[in-house]
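Let me begin by presenting the structure, written as structure tokens, before commenting on it.
The values are calculated or read from the model by the stated rules, or taken from the named source; none is laboratory data. All of these numbers come straight from a predicted model, not from anything done at the bench. All Cβ positions, glycine included, derive from the backbone under ideal geometry; neighbour counts span all protein chains shown. Calculation scope for accessible area: heavy atoms of the full protein, side chains included, ligands and nucleic acids excluded. Shrake-Rupley method; radii C 1.70, N 1.55, O 1.52, S 1.80 Å.
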Amino acid sequence: MDLERQPKRQYSVAEGAGEFLFTRNRDSLLIREEKGPTGSVSYKEFRTATEAFLRAVVADLCTLYPDLNKNREISKLKRG
């Protein structure tokens, strides 16, 4: 999700569990659940947390499936 180039994005959760609307306004990010409340977080904090989560998931998957380490895209993700 590239909120730097496109400040408004919609994300659908798997299996029809709902949709979220992300709206970046300078240094903050508004997150609204479809037909639900709105929350906000600093964009920097959101980006840092999501990057850390992605690195943790990739590391766990590479531990379970070592052949993933041979994949160029996975290697890029691991380097950040």
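In the complete set of protein chains, residue-level accessible area for Asp2 is approximately 50 Å², probe 1.4 angstrom. Taking a ≥ b ≥ c as the square roots of the eigenvalues of the Cα gyration tensor, an a/c ratio of 1.5 or more together with a/b no larger than b/c marks the range 1-60 as oblate. Spin-label model, Leu21/Asn69: points 7 Å from Cα along the beta carbon direction are separated by 4.5 nm. What is the gain in length, in nm to one decimal, between Glu34 and Ala59 on full extension, counting 0.36 nm per residue of separation less the C-alpha to C-alpha distance? Extra length from Glu34 to Ala59 when fully extended: 5.8 nm. Computed over protein heavy atoms with a 1.4 Å probe, the accessible surface of the chain works out to 82 Å² per residue. Heavy-atom accessible surface of Tyr11, to the nearest 10 Å², is about 110 Å², with a 1.4 Å probe and all protein chains retained. Residues of the range 1-37 falling in the label zone of Arg47, defined by backbone nitrogen less than 17 Å from a point 7 Å along Cα to beta-carbon, are 1-9, 22-31.
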